[in-house]
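What follows is a short report on a single structure.
The values are calculated or read from the model by the stated rules, or taken from the named source; none is laboratory data. As the structure is a computational prediction, the values presented were derived from the model and not from experiment. Don't worry about glycine lacking a Cβ; one is built from the backbone with ideal geometry, like all the others, and counts go over all protein chains shown.
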């Protein structure tokens, strides 16, 4: 007799049934509680998989570096503007929240960030929705660490107009050389800033830039990921 087969199909002992049901309930609850976590930037694991470089003027230097006992992405910009981007379609119906941490070593001061001459940021993370063949319809939502604009301010980019909206998450009040954690509902922010109900984005990018004012700044970026809530 195949005892393994019999055991497999044997009914649950009535005495054990309550414990068996309780176990299934706990496992189900754990599965429900586990958030889908879609990693985009795993800098803490010394990885830059899928990230590409884009230069606008000069070269901001990006490199993985140990900080506070862990790895992070460091950016040093001297009168330069180049960034890193990762093309990946993100379903905002499933994972609408963008999560990351960042810190800066010094501020960019004396800038009018709503002008072309002052369109520089110590750190920024942004998401992109492509316009397909109509490239002029490509749009970007920029979460920026502002030097002079008040926190929570919103304005159209000085160069791209309302195709690139800027949202200041950090400003002069933010402490230097300290990690700050961010969590944004991209779907809700896009609806508010562009008046459009989107279901997905096409890319995530980051940039530390000082090309317009000719300044110098250093920043660190922690891991970047999307989550359900």
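Of the strands (runs of 3 or more DSSP E) lying entirely inside segment 114-229, the ones with 1 or more residues being under 19 Å from the mean Cα position of the chain (by Cα), without any contact (Cβ under 8 Å) to a residue 40 or more places away in the chain and farther than 21 Å from residue 41 by Cα are found at 154-157, 161-170. Can you confirm whether residue 111 is within 19 Å of the chain's Cα centre (by Cα) and touching a residue at least 40 places away in the same chain (Cβ under 8 Å)? So residue 111 does not fit the description; no.
If you go through segment 76-128 and keep only what is crowded, with 20+ Cβ neighbours inside 10 Å, touching a helix residue (DSSP H, G or I) at 6+ places or on another chain (Cβ under 8 Å) and farther than 16 Å from residue 38 by Cα, you end up with just 111. If only residues of segment 152-164 that are over 17 Å from residue 135 (Cα atoms) and in contact with a helix residue (DSSP H, G or I) (Cβ under 7 Å, 6 or more places away or on another chain) are counted, the one that is surrounded by the most Cβ atoms within 10 Å (Cβ to Cβ) is 158.
Residues that are free of Cβ contacts under 8 Å to residues at least 12 places away in the same chain and within 19 Å of residue 104 (Cα to Cα) within segment 39-64 comprise just one, 63. For the condition touching a helix residue (DSSP H, G or I) at 6+ places or on another chain (Cβ under 9 Å), assigned by TED's automatic domain parsing to the domain that holds residue 221 and at pLDDT 95 or above, residue 144 does not qualify.
Residue pairs whose Cβ atoms lie under 6 Å apart, separated by 6 or more positions or on different chains, with the first residue in segment 88-106 and not assigned by TED's automatic domain parsing to the domain that holds residue 185 and the second surrounded by fewer than 19 Cβ atoms within 10 Å (Cβ to Cβ), do not occur.
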